[in-house]
Structure formats: C-alpha cells, structure tokens
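Heads up, the thing below is written out as structure tokens.
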Amino acid sequence: ISLALSRGDLVETRNLIADNWTGGLEPRQLAVTDPSDGGLVSNVPDAGAADAKAAVDAAQAAFNAWRGAPARDRAAVLKRWNDVIVAHQDDLGRLISREQGKPLAEGRGEVLYAASYVEWFAEQATRTNGEVIPSPFSNKRILSVREPVGVVAVITPWNFPAAMIARKIAPALAAGCTVVAKPAEDTPLTALALVKLAQEAGVPPGVINIVTASRERAAGVVDVWLADDRVRKISFTGSTPVGKHLARQSASTLKKVSLELGGNAPFIVFADADIDAAVEGLMAAKFRNGGQTCVCPNRVYVHELVHDAFVAKLAARVGALKVGPASDSTSQIGPMINERAVQKIERHVRDAVSQGARIVVGGERIRKPDSPQAAYFSPTVLVDATPSMACSCEETFGPVVAVARFRDESEVVARANATPFGLAAYFYTDSPARIWRVAEALECGIVGINEGVLAAEAAPFGGVKESGYGREGSVHGLDDYQQIKYLCQGGV
Ligand code: ADP
C-alpha cells in the first residue's frame with residue numbers, strides 16, 4: 001500500500017497563528033521522518049518563544065467572541081469538524097501511519113477514535129448547565145454558572161497523534177476556551193492536518209493556534225506559555241518528569257492543570273479466570289500501537305496454578321505476530337517511534353535477563369537491511385520477572401510482556417499497587433465477589449475487568465498518584481476547561 005494522501009494539501013507544513021499559516025518567525029526547520037524506514041516525510045517550523053507569544057496573543061484576542069457565541073453555534077462547528085475528520089479518515093489514517101508507524105488499520109481506527117471525542121464534546125457543549133441553589137436566606141437567591149477558563153495550552157505526545165490533540169481541543173472549544181497547541185516533535189503533521197480541517201469546518205481565526213518545535217526547543221515554546229498569565233490552563237499528556245515540570249512552573253500564575261502521565265499497568269490473571277479470554281485481552285491491551293500506549297499492561301501477574309498454561313498460549317500468540325512497516329497491510333506491529341525508544345526496550349530486556357528473567361519468545365531488535373534507520377523490536381515474552389527489574393518499575397513502552405507468578409489475592413494486589421503510578425489496571429477472574437474486592441483495592445484511575453480494551457469517549461479517562469490528575473472524555477471532560485462562578489442576588 002502507498003501511504004500517499006489523496007488530498008496532498010493535508011500534509012500542511014506550516015503553523016497556524018490567528019488567520020495565518022506561517023513558516024515561523026525564525027528560519028529553523030524540524031525534520032519529520034517515517035519510523036518505518038527512517039526516510040524524510042517533510043519539514044515543519046521549529047518554532048521559538050516569539051511564535052509562542054504570538055499564538056497566545058491570537059488566542060486571547062479571539063477569546064471573547066468565541067466564549068460569547070451561543071453554545072449551539074460552537075457545537076455546530078465541532079460537529080462539522082467531526083464530519084470532515086470522518087470524511088478524511090483514510091488520508092488522516094495514512095498520515096498517522098506515515099509519521100508514527102502504527103499499521104494502517106490502527107491509524108484509521110485512531111482517526112475514528114479522535115473524531116468520537118469531537119462528536120462527544122459537540123454534544124456536551126450545549127449541556128453545561130449551571131445550578132439554582134436553595135438559599136439559606138429569604139432575601140437572597142443563589143445561582144452558579146459555568147464559564148470557560150480562558151486560553152488553554154495543549155501539549156501532546158506522539159503515540160496518538162490525532163486522538164490526544166482531539167480530546168483536548170474539542171472540550172476546550174466546547175467550553176468556550178481558545179487554544180494554543182504544541183504537538184509532539186515526532187508527529188506534528190497529523191495535528192497540523194486536523195487543525196487545517198478545523199479551519200475548514202468553520203473554527204474562527206485565533207480559536208486554535210498551533211506551533212511545532214523540536215525536542216530541544218519544546219521547552220522554549222512551552223516556558224513562554226507557562227509564564228504568561230493569559231494562559232489559564234495547561235492540558236498535557238506525556239511523561240511524568242515533564243508533567244511535574246509543568247505543574248511546578250505553572251504554579252507561578254496558578255493555572256489549572258490536567259496531566260495524563262505515564263502508567264505501569266498491572267494485568268492480573270486469577271486461577272479462576274477464563275484463560276483464553278485473558279490471553280485475548282492481554283494481546284489486545286498490550287500490543288496496541290506496538291505496546292506504545294500509556295494503558296498498555298506493563299506487569300503481568302499470573303496465578304501459579306495457571307501460569308504455565310497461560311504462558312504457553314501467550315507465547316504462541318506473541319510468536320505469531322507479524323512485524324513490519326506500517327504500509328504493509330499484513331503488519332500487526334510497526335516500528336517503534338525512534339531510536340531512543342528501541343534502546344530503552346533493549347535496556348529493559350537486558351536488565352531483566354541479567355536479573356534472572358527468561359526469554360520465552362522474541363527478545364531482540366530486528367534489523368531491516370533495506371532500512372537500517374528503522375527501529376523494530378520483536379514481540380517478546382519474559383517469565384520470572386521480579387519487582388527490582390527495570391521492566392517492572394518503568395514503562396517499557398514496547399512489545400514486551402514480563403510475566404511473574406503469584407499465589408494469593410492480597411499479595412498480588414499489594415504488588416500491583418507497589419508503584420508510584422496509577423493509570424490503568426486489568427484483572428481476569430470468574431468470581432463476582434473478587435471483582436468488587438480487587439476493583440476497589442487497585443490504586444488506579446481505570447480498571448479493566450475481564451476486558452482489555454477500555455478506550456471510549458463516553459468514559460472518564462485519567463489517573464491517580466503520579467499518573468496525574470484530571471479526566472478526559474465523559475460527562476466530566478468539560479470540567480477541567482470551566483470554572484464555576486457563584487452569583488448571589490440580594491434585595492429579593
Ligand atoms: P515522551 O517520553 O512520550 O516523548 P514527553 O513527556 O517527553 O513524552 O513528551 C510529551 C510532550 O511534551 C511532547 O510534546 C514534548 O515535546 C513535550 N516536552 C518535552 N519536554 C518538554 C519540556 N521540558 N517542557 C515542555 N514540554 C516538553
């Protein structure tokens with residue numbers, strides 16, 4: 001298959017500030033490469049502080065008109081944005097696969113997933129009701145209304161180049177906020193294409209502004225937003241160290257902050273579980289996007305009675321996964337995003353083996369002679385994982401399953417919770433009582449119970465502990481972009 005687009009102008013290589021597609025105020029460029037073969041896809045601006053400030057100027061200038069528009073009008077714009085995204089799902093899917101490396105079917109799936117948030121928040125935009133509160137005073141009346149917080153800075157990662165930006169910009173716009181956005185340096189093209197489609201859908205000038213920057217210059221852009229008191233909210237998805245940095249730096253102007261950070265998801269298989277269903281669920285949860293999602297199971301605990309049967313079935317499935325470029329329709333696992341990523345996976349496997357883990361299948365980097373730049377890793381199953389291994393303490397973010405045995409429920413729940421992170425957790429059991437006990441005891445924001453695929457726009461997505469705070473999607477997804485104003489009327 002070719003990853004060429006039917007609408008070539010969707011490969012937008014400029015930034016949008018106010019009404020202008022611009023090459024940036026400095027002549028620097030950021031190269032976007034295809035992780036499947038290392039080839040250059042395109043150059044985009046490597047923006048700096050002056051571009052960042054211009055973006056806030058534009059967003060602030062657009063704010064009053066956008067917040068003042070009837071919610072129904074904002075909803076109509078978002079509905080049209082959803083429609084054009086869906087209409088261009090094929091091109092956008094190709095673009096995602098091209099710059100991010102996920103197989104084409106997953107790329108297209110991500111487009112529809114991204115659109116589902118836009119549609120959801122188009123619907124939610126008209127339902128931001130306030131309250132009339134029974135007053136404790138006979139001469140006063142008490143009301144509350146919801147208002148947009150103001151300019152929102154959106155900073156996104158590379159693993160879902162469409163979905164992450166859509167699920168931040170859509171609620172911001174629905175609430176009446178305006179946006180300055182910086183997509184990840186590895187995958188700016190999908191974000192630029194989405195913004196171009198937003199413009200075509202009728203998003204007014206200045207309501208969405210987007211700047212692209214290299215990893216080295218990302219902080220230069222974002223620091224300007226952190227320091228600017230007109231930016232009232234930061235919405236970030238990415239690593240925990242960067243999230244903590246943003247939380248710290250935004251304290252100087254006390255912005256609202258939503259952080260969706262790293263996870264270290266446990267996946268527990270109890271002895272009474274349906275083993276085939278558990279293998280199925282683990283395959284779906286673990287190998288989505290090549291293992292590069294923040295809800296991918298990172299630690300698998302299997303009861304000792306079913307351990308060997310589970311591992312045998314799992315290894316057969318993992319060994320059969322086909323690794324290849326995103327453009328090959330038979331590929332199930334694409335390349336890792338970049339060299340840095342594959343080196344981390346190699347380090348985790350080496351460390352696990354040196355501490356006594358055994359490789360059942362995979363375990364090695366795959367070199368493609370025709371594209372030596374590309375970073376492929378073979379789907380891997382490790383057994384005898386222990387808590388001190390890097391693969392148990394850090395997110396591996398690759399196609400590596402590390403399995404450990406356990407004996408009883410309280411022991412495994414304690415092990416599952418023995419991490420500073422708390423995003424997703426999964427468990428498989430046939431016991432209704434255990435379902436309640438374990439679901440309540442797990443320290444995390446998202447629980448998969450006999451299910452490996454949890455993503456849904458109608459559900460509240462987010463973490464606890466060092467996986468961050470705030471919830472995206474669901475009826476709660478607008479809260480982070482709004483403030484509540486209390487109105488008290490006297491003299492009644
Ligand atoms: P990952 O490890 O998945 O690349 P990061 O947290 O490094 O996650 O990146 C997520 C987003 O944060 C990207 O858009 C990246 O450019 C941005 N980013 C990285 N470092 C900084 C920083 N020091 N300040 C602000 N943003 C940053």
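Annotations
- Among the residues of segment 89-102, the ones that are of a type outside the set (Gly, Ala, Ser) and under 27 Å from residue 460 (Cα atoms) come to 5 in all.
- Test: residue in segment 389-397 that is farther than 24 Å from residue 288 by Cα, charged (D, E, K, R) and either touching a strand residue (DSSP E or B) at 6+ places or on another chain (Cβ under 9 Å) or in a helix (DSSP H, G or I) (or both): no
- When residues in segment 286-308 are screened for being in a loop (DSSP other than H, G, I, E, B) and of a type outside the set (Asp, Glu), 7 of them pass.
- Only residues that are within 16 Å of the ligand (Cβ to nearest atom) and over 23 Å from residue 227 (Cα atoms) were counted in segment 125-174, giving 9.
- Given (1) under 23 Å from residue 41 (Cβ atoms); (2) in contact with a His (Cβ under 9 Å, 6 or more places away or on another chain), number of the condition residue 331 does not satisfy: (2)
- Scanning segment 330-351 for residues being within 19 Å of residue 391 (Cβ to Cβ), surrounded by 19 or more Cβ atoms within 10 Å (Cβ to Cβ) and either of a type in the set (Ser, Thr, Tyr) or within 16 Å of the ligand (Cβ to nearest atom) (or both) gives a total of 6.
- Residue list for segment 439-471, filter: within 21 Å of residue 420 (Cβ to Cβ) and either at pLDDT below 95 or of a type in the set (S, T, N, Q) (or both): 467
- Scanning segment 184-196 for residues that are crowded, with 24+ Cβ neighbours inside 10 Å and out of contact with any strand residue (DSSP E or B) (no Cβ under 7 Å at 6 or more places or on another chain) yields 184, 187, 190, 193, 194.
- Residue check: residue 16 meets all listed conditions (1) part of a strand (DSSP E or B); (2) farther than 21 Å from residue 176 by Cα but one, namely (2).
- Within segment 198-243, being assigned to a loop (DSSP other than H, G, I, E, B) and either among the acidic types (Asp, Glu) or more than 16 Å from the ligand (Cβ to nearest atom) (or both) holds for 201, 202, 203, 204, 205, 206, 207, 228, 229, 230.
- Contact map, segment 185-201: residues that are under 14 Å from residue 42 (Cβ atoms) paired with residues that are surrounded by 24 or more Cβ atoms within 10 Å (Cβ to Cβ) and of a type in the set (A, V, I, L, M, F, W, C), Cβ distance under 6 Å, separation 6+ or inter-chain. Pairs shown: 186/337; 188/44; 189/95; 190/95; 190/96; 190/162; 191/165; 193/95.
- Applying the set (1) touching a Cys at 6+ places or on another chain (Cβ under 8 Å); (2) free of Cβ contacts under 8 Å to residues at least 40 places away in the same chain to residue 63 leaves exactly one unmet item: (2).
- Flag if residue 416 is surrounded by 22 or more Cβ atoms within 10 Å (Cβ to Cβ), within 28 Å of the chain's Cα centre (by Cα) and under 18 Å from residue 348 (Cβ atoms): no
- Residue 250 vs. criteria within 30 Å of residue 482 (Cβ to Cβ), out of contact with any Leu (no Cβ under 9 Å at 6 or more places or on another chain) and not in a loop (DSSP other than H, G, I, E, B): no
- The number of residues in segment 351-376 being at pLDDT 95 or above, over 28 Å from the mean Cα position of the chain (by Cα) and assigned to a loop (DSSP other than H, G, I, E, B) comes to 3.
- When residues of segment 1-35 are limited to those that are at pLDDT below 95 and buried (at least 16 other Cβ atoms within 10 Å of the Cβ), the one farthest from the chain's Cα centre (by Cα): 25
- Only listed residue being buried (at least 19 other Cβ atoms within 10 Å of the Cβ), of a type outside the set (D, E, K, R), part of a helix (DSSP H, G or I) and touching a Gly at 6+ places or on another chain (Cβ under 8 Å), chosen from 311, 318, 279: 318
- When the residues of segment 244-253 are filtered to those that are surrounded by 15 or more Cβ atoms within 10 Å (Cβ to Cβ) and hydrophobic (A, V, I, L, M, F, W, C), the one that is nearest to the ligand (Cβ to nearest atom) is 246.
- Residue under evaluation residue 404, criteria (1) over 19 Å from residue 279 (Cα atoms); (2) among the small types (Gly, Ala, Ser); (3) touching a Pro at 6+ places or on another chain (Cβ under 9 Å), criterion not met: (1)
- The single condition among (1) touching a residue at least 12 places away in the same chain (Cβ under 8 Å); (2) over 19 Å from residue 52 (Cα atoms) that residue 206 does not satisfy is (2).
- Some residue of segment 262-269 being among the β-branched types (Val, Ile, Thr) and within 16 Å of the ligand (Cβ to nearest atom): no
- Residue that is nearest to the ligand (Cβ to nearest atom), among those in segment 175-197 that are out of contact with any helix residue (DSSP H, G or I) (no Cβ under 7 Å at 6 or more places or on another chain) and part of a helix (DSSP H, G or I): 188
- Residue list for segment 278-337, restricted to those being of a type in the set (Gly, Ala, Ser) and either touching a Cys at 6+ places or on another chain (Cβ under 8 Å) or within 19 Å of residue 444 (Cβ to Cβ) (or both): 278, 281, 284, 285, 291
The values are calculated or read from the model by the stated rules, or taken from the named source; none is laboratory data. From a predicted model like this one, the values you see are computed outputs, not experimental measurements. We place every Cβ from the backbone using ideal geometry, glycine too, and count neighbours over all the protein chains shown.
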